[in-house]
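What follows is a short report on a single structure.
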Amino acid sequence: MSQYPNLEAALKYYFGYDNFRPGQRQVIENALSNRDSLIVMPTGGGKSLCFQLPALIKKGLTVVVSPLIALMQDQVEALRKNGIAATFLNSSLNSYQTRSREQYIIQGKVKLLYVAPERLVSDRFLPFLDLVHHQVGISAFAIDEAHCVSEWGHDFRPEYRQLILLRKRYPDVPTWALTATATDRVRSDIIQQLGLKEPSIHIASFNRQNLYYEVRPKKKNAYAELLELIRETPGSGIVYCLTRKKVDEITFKLQHDKVSALPYHAGLTDEERTQNQTRFIRDDVRVMVATIAFGMGINKPDVRFVIHSDIPRNLESYYQESGRAGRDGEPSRCTLFYSYGDVKIIEYLINQKSDSQEQLIAKQQLRQMIDYAEGTDCRRTIQLSYFGERFTGNCGNCDNCRYPKPVQDWTLEAMKFLSCVARCKEKFGMGHIIDVLRGAKTQKITQYEHDKLSTYGIGKDKSADEWRMLGRSLLHQGLLEQSTDGYAVLKLNALSWEIMRRQRTVSVAVSVTQKITWNEGSTQATEAELLLQRLRSLRKKLADEQSVPPYIIFADSTLKLMAQVKPQTKDEFAKLSGVGIHKLAQYGEKFIAEIRAYCQELGLQEQKTNPTSFVSFPSNTELQTLELYQQGLSISEIAKKRNLSPKTITGHIANLIEKNQLGDLNQLVPVEKQQKILQVLNTLGDVALTPIKEYLGDSYSFEEILFVRSKWRQHSRN
């Protein structure tokens, strides 16, 4: 039994949600026990709630450190719309507004205060904080975007280093550090630089299941392909470019082609950038074309596509930038256009760096990005391995998995490759190993006498590109390792030796040229979609009246539930996920009136059914199973870890499939079996498992039939 049984009630009251997302409850319980915490939770995983809900439950003021004005203002606005006492202090306020807000804080009328790190550590602000601590009490410091504290992070900010003084000045106030991405090295740096004391550490999976990843070769007609992508993908999107010139060029072309687009780069005035960003956030313009300067300060959850027209400099930046798509958990698309010409531009920029170690690290990061772009393995496997997370592959939601390349047995070639790494004493990078294998006559080979090795020239039958493809695949599959000091030296591990001892085989996806298309579903407007458009129009009208982004009124997911369920009373409306007590009072009648009007116009009968019968949400125990399943654990492993029977876990997974939380069955049931079971279900209907098994025979298990039946039921209801 949890020490905090009423957390779900608080979640529904303040934020309108019935259940926590995977991992959230445990993080919140740790926060309520006054422990320091390090929370690494990817964009869209509900990171903000992990400090906002404890702040509302605990006594005193929670101080939130946030690096960007736009980001803190956006979060405060969203909290206020939920009836929560939150405010910010930053340079956008005049002296009267600042004093007024400080007075409210001293009077204990504010629960969450957002400030920038520069203000927090200033000589003027610290005495004020002392007064707050004495009068009201400080319940916690929440350090958002905590990766900014580390020089090894992708967005280092020196002012974050000064936040250690909070620990010295207020030793008994817990500190919660939160970030969306952090490698092992960055995580260690955060703990050290913020002085966290024995923190509880929560690292959620970096796997964003709702994002479709694809890489396309950049050809001469790349703009026409980009335009087609934007036209066929509904909703808002971001196009990232390497240079300001490219931003202006693509913006001009899109506007000429009747796509509402605006630019964002450092060449614009502060006023122009702010205005363009606001118009994008409020859905006045559909596409933002930007350099990488854009995005960190926005909290727009309904970005449906992110297109990189040029290759980013490193994989962490790409994960961050592409991750601005689909923060609301809805299906979204991430496309990267790749050409060797872009690589040469970035290499030139790297060579301008004066620090040789910086150059080395930047070159290795670029190589990792090229590995991703040219890789034939599952895109998620490559991304997640960068963050130290093992993923089994076959995600079903990237170009390499949806349109797989032919798989070939390359065990013999892998043995040659790994033997060469061993013969070279694990002191060289991939390029040199390939040169040795192919019998090249380079100065380096002569210098180290590697032309005398038994592996010299044994790989002449393969091209350098083929060997490079194998090397990358070995790294992505965890069968080989690479140093992170900038030199990218190849290192053998236990799995490497298994291959060389013939105890493990190696399969490699071989690249082929193929036209890739993406289809989220039918474009035919359904009745629910027509209502959804009306609800979106109402939301936009209310948002414009209040000068806030539309998603702050209600998230897209909540609007979709309204369109599906059509609640026509306040009781029904209150049961929707995303409708808290404050939003029910503020907006309930307006949206119910719109739904009633729509139903009357179409002659639809008034809904009498409880809305929860249409939308079933996972229970807490099912969500715990889901989190472990997404980490790659088998049913038996989950059962052992949770001290439950495999039959119980199987039931959880079946329910999760039926509740549309698990879309891909390929890891549970072979595709050909799925098709056969579906044929039987379509013939017999929704019957018990035994008649289906009798029909199919002993080669089909009850579990396989159960999982496919759950999927069939989920589709039947939609």
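For residue 580, what charge total do you get from the other residues with a beta carbon under 14 Å from its beta carbon, if Lys and Arg give +1 and Asp and Glu give -1? Here the charged neighbours net out to +4. Count Lys and Arg as plus one, Asp and Glu as minus one, and take only other residues whose Cβ is under 11 Å from that of residue 413; the net charge is then -1. The packing ranking, built from the mean of other Cβ atoms within 10 Å per residue, places the peptides 80-92, 621-633, 326-338 in the order 326-338, 621-633, 80-92, highest first. Where only DSSP H runs of four or more residues are counted, the chain gives -14500 deg cm²/dmol as its mean residue ellipticity at 222 nm, each run worth -39500 (n - 2.57).
When the charge dipole of the chain is built from unit charges on Cβ atoms (+1 for Lys and Arg, -1 for Asp and Glu) and taken about the Cα centre, the candidate among 92, 505, 715 whose Cα reaches farthest toward its positive end is 505. Farthest towards the positive end of the charge dipole of the chain, among the residues 115, 323, 418, is the Cα of 418, using unit charges on the Cβ of Lys, Arg, Asp and Glu. Estimated at 0.36 nm per residue, the fully extended path between residue 95 and residue 284 surpasses their Cα-Cα distance by 64.9 nm.
In plain terms, if you count all Cα to Cα distances in segment 621-717 and split them into 10 Å steps from zero, the share in each step is 16, 49, 30, 6 percent. Peptides 459-469, 210-220 ordered by packing proxy, namely the average of other Cβ atoms within 10 Å per residue, highest first: 210-220, 459-469. About its Cα centre, segment 621-717 has a charge dipole of approximately 160 debye under the convention of +1 per Lys or Arg Cβ and -1 per Asp or Glu Cβ, with nothing else charged. Rounded to the nearest 20 debye, the dipole magnitude of the chain is 280 debye, with +1 charges on Lys and Arg beta carbons, -1 on Asp and Glu beta carbons, and the Cα centre as origin. Counting charges near residue 621 (Lys, Arg +1; Asp, Glu -1) among other residues having Cβ under 12 Å from its Cβ returns a value of 0. Phi angles across segment 661-671 convert, under the Karplus curve 6.51 cos²θ - 1.76 cosθ + 1.60 with θ = phi - 60°, into 3J(HN,Hα) values of 9, 10, x, 9, 9, 4, 7, 9, 9, x, 4 Hz, Gly and Pro given as x. Taking one quarter of the surface of the C-alpha convex hull of segment 527-613 gives a mean projected area of 5.1 nm². Each peptide in 636-648, 173-185, 23-35 was scored by the mean count of other Cβ atoms within 10 Å over its residues; highest first, the order is 173-185, 23-35, 636-648.
Shown here for segment 229-325: trypsin sites (Lys or Arg not before Pro) in loop regions (DSSP other than H, G, I, E, B) with at most 13 other Cβ atoms within 10 Å, namely 258. In the set [x] 112, 78, 51; [y] 79, 75, 59; [z] 80, 61, 56, the label that goes with Cα extents along the principal axes in Å computed for this structure is [y].
Comparing 83, 68, 103 along the charge dipole axis of segment 1-103, the residue lying farthest to the positive side is 103, per the Cβ-charge model. Residues in segment 15-36, backbone N under 13 Å from the label point at residue 201 (7 Å along the Cα-to-beta-carbon vector): list them, ranges by number please. So the set is empty, nothing qualifies. Evaluated with a Cβ-only charge set (Lys, Arg +1; Asp, Glu -1), segment 407-509 carries a dipole of roughly 220 debye about its Cα centre, given to the nearest 20. If the chain linking residue 460 and residue 497 were pulled fully straight, counting 0.36 nm for each residue of separation and taking away their Cα-Cα distance, it would gain 11.0 nm.
Read-outs throughout are calculated quantities, based only on the coordinates presented, and are distinct from any laboratory measurement. This is a predicted model, so every value here is computed, not measured. Heads up, the Cβs are rebuilt from the backbone with ideal geometry, glycines too, and the neighbour counts pull from every protein chain shown.
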